[in-house]
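The values are calculated or read from the model by the stated rules, or taken from the named source; none is laboratory data. Given the structure is predicted, the values throughout are model-derived calculations rather than measurements. All Cβ positions, even for glycine, are placed from backbone atoms using ideal geometry, and neighbour counts span all protein chains on display.
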Amino acid sequence: MRINESTEGDVTILTLSGKMMHGNESSELHPYVKNLIEKDRIKVVVDMGKVKWFSSTGLGALLASATSLRNAGGDLKIARPTRKIQSVFFMMELTSVFESFESVDEAVESFQESD
Amino acid sequence: MSEDVEYTIVITGFQEQFHRIRNLVHFIALQQGVDEQEADIIERAVAEACHNALFHEPADPGDPSFELEMHLSDSAIKSVVRNRGAAFDFDDVEPFSVDQDFMAYSEGGLGIPMMKRLMDEVYYERKPEELNVVTLIKYINDQKKEGD
């Protein structure tokens, strides 16, 4: 898994690509987010449009990242989840935990609307 | 269960073939008449069981493998994943809840709760010679468990 970072105002966009599973560095996501929090970057959009597969390890990393950001007063929002990712969110009743958007722009704008 | 014909498919899986096996499980589920979302769910739960077999202290860490057996009928898709390795802490795992502290999953541990949530029935057996057997059942075509 690769993480590419970009910014839009005070929102950090993390574009994930590849496979989020054990042995594919998905465990790097949570430390990466904690590092952002230390820099006071607490509004994060995770773009999942290029994620080919994510296992429970990847989901755990997303959940822990969202928790850390919310504990710091920020939030994590999901952009471009694939159908398979949406199926998991639905079946695990996580649609209320992860606010999801069809595009990165919409996810970024949602932070501005909530300010 | 209704009276129906049962087919069995056995696959030996390795890490390099993981995505092909996932795709095959998805395809088989669709062929059994489930919709895309349900096929996604079955694929994911079976993938988690295979993932555990490959990554949870396998007996041969240099060449981990598993055997996936699929029993197909008009009423259910039953998947059995066997591997040799450390025992899984299956029965003591707390069910997944959105109200719990998600930090507990920062380094894994969500695989078994996910399997239990996604499938209708999940069983684990520890057999001699370090053999783990995980059975996952999804009822299809509106079939219910006996007693429902």
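Worth a mention:
- Cβ pairs under 9 Å, 6+ apart, first in the stretch B:94-122 and touching a residue at least 12 places away in the same chain (Cβ under 8 Å), second assigned to a loop (DSSP other than H, G, I, E, B) and among the basic types (K, R): B:D120/B:K144; B:D120/B:K145; B:E121/B:K145
- Any chance B:I9 is at the interface with chain A (Cβ under 10 Å from one of its Cβ atoms), of a type in the set (V, I, T) and closer than 22 Å to B:V122 by Cβ: no
- Restricting the stretch B:25-48 to residues that are farther than 13 Å from B:H71 by Cβ and among the polar types (S, T, N, Q), the residue that is modelled with the highest pLDDT: B:Q31
- Residue count, the stretch A:54-75 (criterion: under 12 Å from the mean Cα position of the chain (by Cα), away from chain B (no Cβ under 11 Å) and not charged (D, E, K, R)): 1
- Exactly one residue out of A:K19, A:K84, A:K34 is within 14 Å of chain B (Cβ to nearest Cβ) and in contact with a Lys or Arg (Cβ under 6 Å, 6 or more places away or on another chain), and it is A:K19.
- Residue within the stretch B:2-24 that is within 28 Å of A:E28 (Cβ to Cβ), at pLDDT below 85 and outside any helix (DSSP H, G or I) present: yes
- One residue alone among A:I13, A:I3, A:I42 is over 15 Å from A:A79 (Cα atoms), of a type in the set (A, V, I, L, M) and at pLDDT 90 or above, and that residue is A:I42.
- Matching residues in the stretch B:115-138 - criterion: being more than 20 Å from B:D40 (Cβ to Cβ) and of a type in the set (A, V, I, L, M): B:L131, B:V133
- So A:V51, is it closer than 17 Å to B:H51 by Cβ and more than 7 Å from every other protein chain (Cβ to nearest Cβ): yes
- Enumeration of residues in the stretch B:22-36 that are more than 8 Å from every other protein chain (Cβ to nearest Cβ) and not polar (S, T, N, Q): B:L24, B:V25, B:H26, B:F27, B:I28, B:A29, B:L30, B:G33, B:V34, B:D35
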